[in-house]
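*Asks:* Have a look at this one before I ask anything.
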4 protein chains.
Amino acid sequence: MSAARLIGLLQGPDRPGLVARIANGIFQRGGTILHADQHHDAETGVFVQRLEWIPGDREREPHEFQRSARDLGMEVRVLRSDSKPKVAVFVSKIPHCFQDLVLRWRQGEFHGELVCAISNHPDLAKFSAAFDLPFHHIPVAPGENAAAEAAHLQLLRAEGIELVVLARYMQVLSGEFLDAVKVPVINIHHSFLPAFAGGKPYHQAHQRGVKLIGATAHYATRDLDEGPIIAQDVTRITHRHSVEDLVRKGRDLEKAVFAQAIRAHLDGRVLVCGKKTVVFD
Amino acid sequence: MSAARLIGLLQGPDRPGLVARIANGIFQRGGTILHADQHHDAETGVFVQRLEWIPGDREREPHEFQRSARDLGMEVRVLRSDSKPKVAVFVSKIPHCFQDLVLRWRQGEFHGELVCAISNHPDLAKFSAAFDLPFHHIPVAPGENAAAEAAHLQLLRAEGIELVVLARYMQVLSGEFLDAVKVPVINIHHSFLPAFAGGKPYHQAHQRGVKLIGATAHYATRDLDEGPIIAQDVTRITHRHSVEDLVRKGRDLEKAVFAQAIRAHLDGRVLVCGKKTVVFD
Amino acid sequence: MSAARLIGLLQGPDRPGLVARIANGIFQRGGTILHADQHHDAETGVFVQRLEWIPGDREREPHEFQRSARDLGMEVRVLRSDSKPKVAVFVSKIPHCFQDLVLRWRQGEFHGELVCAISNHPDLAKFSAAFDLPFHHIPVAPGENAAAEAAHLQLLRAEGIELVVLARYMQVLSGEFLDAVKVPVINIHHSFLPAFAGGKPYHQAHQRGVKLIGATAHYATRDLDEGPIIAQDVTRITHRHSVEDLVRKGRDLEKAVFAQAIRAHLDGRVLVCGKKTVVFD
Amino acid sequence: MSAARLIGLLQGPDRPGLVARIANGIFQRGGTILHADQHHDAETGVFVQRLEWIPGDREREPHEFQRSARDLGMEVRVLRSDSKPKVAVFVSKIPHCFQDLVLRWRQGEFHGELVCAISNHPDLAKFSAAFDLPFHHIPVAPGENAAAEAAHLQLLRAEGIELVVLARYMQVLSGEFLDAVKVPVINIHHSFLPAFAGGKPYHQAHQRGVKLIGATAHYATRDLDEGPIIAQDVTRITHRHSVEDLVRKGRDLEKAVFAQAIRAHLDGRVLVCGKKTVVFD
């Protein structure tokens, strides 16, 4: 594992010889492919690929690979295994996703650097301190979201943040913020079968007697909770479970699905194709 | 297992001494309780119970139990383990749920008697014949649902049917039919997270890149696909699965969830409380 | 939820009128049953029951209930909802189960009081301090287990501990300790299908190409890893997962199954019947 | 889907340029790669790959691909999407896996041709006839396995069988038979956590209070039930389930896992590497 690897994610219209040309280019530039996973979507004619390789020239290869892929008409993204993307976590008062994430980070589960926490409340500052994680308290006064978001953007840029994750951040981010932030934003929320509109979804699920509750992690986009889905899971419930049990089980789902989505993103396993993702697991 | 058992399902407002009074009544009438499962819903104050017992006097006990439960303000239903409810299955052309059901029946998995199949198409007559299952072909001409439904009702009454199950029956049953039929009707359909309106849901799920697909079995009521849920399950999918794979995986889910719901109903494990069910598993 | 409740767990030979007598006794002593779940094991003739009730006289009822149950030939255990059992957690260096447990405790997920951590290593003292959890470092020199165990027993008694949980404690507890401790001990370990003898089970599982890995929580008994099982779960793996991935997925399973087992125990949902448990979920 | 595709499964020592050379060869011989999935096992240095492509010359390509792969030091297997392997199913009296398989086959779920059933009992002849499946009754008298196996081999060769599947065939196949048959043999059996030696495993599982039961499909080899695992699954059970329930749930698992393994094999998704499989899902 010592040699630095590159990870490439490609998508574009399929054409004859694509796999061969891409693999050949890597080989001719002195590289060794470790893993490759490609998929042709029969319905759309789109080709998607994830490649992991040891480059011949680690400095030039990212650029050359991108150029050659673009020459083939592909959209492309390249990650380096020896660079760890900087991540900021937004949180409010609800601690479970945030704390779980920090512990996993300290356990070495993510290929990235957790740089700071940003919160509209001071509650989780002590926990952050115990794990040496810088904590920025940026209050959001009612009707003053724009000012807070300006502060967020300034901070994210100052820190060079490359990924934002929302660990149950209970403020709606504006479309302007999502446009301006220029880095992916991952959100987590509960999901139900059937779906429930309105507030207190766990109460509604309990009243409706649903047998499954779920959680969904997705990229945040302008159409709230409708961004491309990265990960989902469900758990089984019965009439013996109180609303409190549902909430607790929901927390466990959210922690697991949130971590799974962030890990997939940081491992360069998620390709966004329009409204959906391809996750190379 | 030789002695005939009774199964009682009760629901009503909770009050002190309810469990004791009910158990006592059974005991004083010479019965032996084998299983009992009761639950107090803290939010609604409703008490629900499932009891299974060997009665002292098997002829009189069902009546006496019902009367005593009603005296306590409970709604009650009693089943006898030695009587097998008569079941009719509706089917169209899609065979998987129907065939799976028939095979499970012949394997002895259900506590009931599969009396006949009713279909708007003749396609599955041969399969029925191979398993000695009477098959009634009742075509439904466009705009002539009422005539077909009249024939259905006549047949169901003539056969003394006590449960109707819809094994992917592709006609919408009218509210009039559901009012008139007077026996429970169990339906099976696919479910998605998020839900999709409109046709071709598997295509929509594929386009949206969902990571889970599901199936739901419920009692059919006047508000289509919104009746009380009996059973649900999901399965995991990836970008490697084609629409055809989704459809196949959906079939497996539907078969399993449909059988589970029918078994629970016939075992007297499903209590309908308003819009939801309590399933004593 | 304000009124204190009692929880009773009973087991013994079944006999006519058992459910009625027990429910009646509670009622006549002024109590109100909230939940009751009983089960007759057809193969062994054993009756098991979990009861939850608001007692008439909260001071005398535990004693009277136990006496009346014993008069019926039952083994019985009674818990009070307003007393929180004292719990000690043993841990070595591996942090995940321990940290997860502490966070869940602070979230209020368990009906018990986490009193102290006991470790043969000092590594997790800082984490404990951040959560105000007393941490006792009791080193175990090679061949000196008996001395350490004597210190353990003294500490457990001094603190009045009522449950010990082993959060990946990497020392084998002696049969003498398990005899002397007089309180239940819950352990967590990985499980495989097929099972692997010897060391490095994740490496063995990887070499054998298993498709599922699991975790099991059980009561520790003299026959190592063979005590009554409380909870189990599995997760799916593929050839794409490295040994490191298996270990990470194993951690997630262990955390979830360990917490589930401890919660079930503290909620008075686990009845030990010889070599097995009945878990009233 | 109209153009015939080839599927190649390769394994061998990894070396620089392998992916490029293989893809290049296909391209230069006029082929178009649709899917490719390769994996480098960091611990063994073994490279495995599954390729699906539209060949330039469908007659010559299988041969040329194999030759070029072997020149690169790879073991290789090639399947044609327009040839359907001939399959024989062995069965005894237990019908569930057999019937499920036949129905799935008629539903078009498998890429292969179900040619005949072979049984040591006549019981399932009628079911076979209803689905136009030739049924060969080859009794196995005690101590006369060798004669029956000779008959089996003769029949398999006469029919040109390319895969044998054991749908709960209750006779042990001899090592001599497994050596002589020269085609893969897929078996299905139940699995438990922990594993149980001896007979009546569902009774043992019930007595031990296990919380999960499972099923495993594997290639049959000389070391009984220890061949490379293709698919596994588990389901959750509680004390409320009787042995009969366990057996029924076991049947459902066996059907699902058996079908999944056979489908993976026939789709050319299973690569056997020593004692394990790689399943390209």
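The values are calculated or read from the model by the stated rules, or taken from the named source; none is laboratory data. Just so you know, these numbers come straight off a predicted model, no measurement behind them. With ideal geometry, Cβ positions are generated from the backbone for all residues, glycine too; neighbour counts draw on all protein chains shown. For the accessible areas, the whole protein counts, side chains as well, though only heavy atoms, and no ligand, DNA or RNA atoms are used. Shrake-Rupley method; radii C 1.70, N 1.55, O 1.52, S 1.80 Å.
*Asks:* Tell me which aspartates and glutamates have Cα within less than 15 Å of B:Lys84's Cα, excluding those fewer than 8 residues away on the same chain?
*Replies:* B:Glu109, B:Glu113, B:Glu159, B:Glu162, B:Asp267
*Asks:* Separate question: Suppose every Lys and Arg Cβ carries +1 and every Asp and Glu Cβ carries -1, with no other charges. What dipole size does the range C:6-80 come out with about its Cα centre, to the nearest 20 debye?
*Replies:* Using only the charged Cβ atoms, the result is roughly 240 debye.
*Asks:* Now for a separate question. About the Cα centre, and with charges only on the beta carbon of Lys, Arg (+1) and Asp, Glu (-1), how big is the dipole of chain D? Nearest 20 debye, please.
*Replies:* About 480 debye.
*Asks:* Which pairs in the list C:Lys200/D:Lys276; A:Lys182/C:Lys126; B:Lys126/B:Lys255; C:Lys93/C:Lys200; A:Lys255/B:Lys275 are over 26 Å apart, alpha-carbon to alpha-carbon?
*Replies:* Distance filter (> 26 Å) returns A:Lys182/C:Lys126; A:Lys255/B:Lys275.
*Asks:* Restricting to DSSP H runs of at least four residues, report the calculated mean residue ellipticity at 222 nm for the protein assembly as shown, -39500 (n - 2.57) per run over all residues, nearest 500 deg cm²/dmol.
*Replies:* Rounded to the nearest 500, it is -10000 deg cm²/dmol.
*Asks:* Build a GNM of chain B with springs between Cα atoms under 10 Å: which of B:His265, B:His111, B:His63 gets the top mean-square fluctuation?
*Replies:* Of the options given, B:His63 has the highest mean-square fluctuation.
*Asks:* While we're on this one: Inter-copy label distances at A:Gly30, 7 Å along the Cα→beta-carbon direction, one decimal in nm, shortest first?
*Replies:* Copy-to-copy label distances for A:Gly30: 3.8, 8.9, 9.6 nm.
*Asks:* According to a simple spin-label model (label point 7 Å from Cα along Cα-to-Cβ), what is the distance in nm between B:His136 and D:His63?
*Replies:* 6.4 nm
*Asks:* Once fully extended, how much extra length lies between A:Ala3 and A:His121, figured as 0.36 nm per residue of separation less the alpha-carbon to alpha-carbon distance?
*Replies:* Net length gain for the segment: 38.2 nm.
*Asks:* If you don't mind, another one. Give me the net charge for the shell around D:Asp82: Cβ to Cβ below 9 angstrom, other residues only, Lys and Arg +1, Asp and Glu -1.
*Replies:* +4
*Asks:* Positive end of the dipole of chain C, charges at C-beta (+1 Lys, Arg; -1 Asp, Glu), about the Cα centre: which of C:Gly274, C:Thr238, C:Pro16 has its Cα farthest in that direction?
*Replies:* The residue sitting most towards the positive pole is C:Thr238.
*Asks:* I would also like to ask the following. So for the range B:86-279: antiparallel DSSP bridges make up what percent, rounded to the nearest 5?
*Replies:* Roughly 55 percent of the beta bridges in the range B:86-279 run antiparallel, per DSSP.
*Asks:* To continue, here is another question. Are there any residues in the range B:245-281 with a reduction of at least 50 Å² in accessible surface when going from the isolated chain to the assembly of protein chains? Probe 1.4 Å, please list them by number.
*Replies:* Residues shielded by partner chains are B:Arg248, B:Arg251, B:Lys276, B:Asp281.
*Asks:* Distance in whole Å from the B-onto-D rotation axis to the closest C-beta of chain B, together with the residue it belongs to, please.
*Replies:* B:Ala130, 2
*Asks:* To one decimal in nm, how far is C:Ala125 from the same spot in the other copies, if labels go 7 Å from Cα toward Cβ? Please give the shortest first.
*Replies:* Relative to the other copies, C:Ala125 has label-point distances of 2.8, 8.1, 8.6 nm.
*Asks:* May I ask for the net charge around A:Val270, where only other residues with Cβ less than 11 Å from the Cβ of A:Val270 are counted and Lys, Arg are +1 while Asp, Glu are -1?
*Replies:* Summing Lys/Arg as +1 and Asp/Glu as -1 gives +3.
*Asks:* What is the helix-to-structure angle for D:96-106, meaning the angle in degrees between its Cα long axis and the longest Cα principal axis of chain D, kept from 0 to 90 and rounded to the nearest 10?
*Replies:* The angle comes out at about 40 degrees.
*Asks:* Relative contact order (percent) for chain A, with alpha-carbon contacts under 8 angstrom and 6 or more residues of separation?
*Replies:* Taking the mean separation of contacting Cα pairs over the length of chain A, I get 15 percent.
*Asks:* Still on this structure, please answer the following. Roughly how much accessible area, to the nearest 100 Å², goes out of reach of solvent when A and C pair up, both sides summed, probe 1.4 Å?
*Replies:* So the buried area, both faces added, is about 1800 Å².
*Asks:* Also, I was wondering about something else. Just the number, please: carbon plus sulfur as a percent of the accessible area of chain C, 1.4 Å probe, no ligands or DNA/RNA counted.
*Replies:* Answer for chain C: carbon and sulfur cover 52 percent of the accessible area.
*Asks:* Label-to-label distances across copies for D:Gly274, with labels 7 Å out along Cα→Cβ, in nm, shortest first?
*Replies:* Values, ascending and in nm: 4.2, 4.5, 6.1.
*Asks:* I've got another one for you. Which angle between 0 and 90 degrees, to the nearest 10, do you get for helix C:243-266 versus the longest principal axis of chain C when only C-alpha atoms count?
*Replies:* Relative to chain C, helix C:243-266 is tipped by roughly 20 degrees.
*Asks:* Next question. For chain D, set up a GNM with springs between Cα atoms under 10 Å and report which of D:Arg15, D:Arg263, D:Arg50 has the largest fluctuation.
*Replies:* Checking each option, the largest mean-square fluctuation is seen for D:Arg15.
*Asks:* Please find, in a Gaussian network model of chain D (springs between Cα atoms separated by less than 10 Å), the residue of D:Glu43, D:Glu159, D:Glu64 whose mean-square fluctuation is greatest.
*Replies:* Its mean-square fluctuation being the largest, the pick is D:Glu43.
*Asks:* Treating only the Cβ of Lys, Arg, Asp and Glu as charged (+1, +1, -1, -1), what charge dipole size does the protein assembly as shown show about its Cα centre? Round to the nearest 20 debye.
*Replies:* That gives the protein assembly as shown a dipole magnitude of about 0 debye.
*Asks:* So what is the accessible area of the range D:17-121 per residue, in Å², with the probe set to 1.4 Å?
*Replies:* 38 Å²
*Asks:* Each label point is 7 Å from the Cα along the Cα-to-Cβ direction; what then is the distance between the points at D:Glu244 and B:Arg240, in nm?
*Replies:* 4.1 nm
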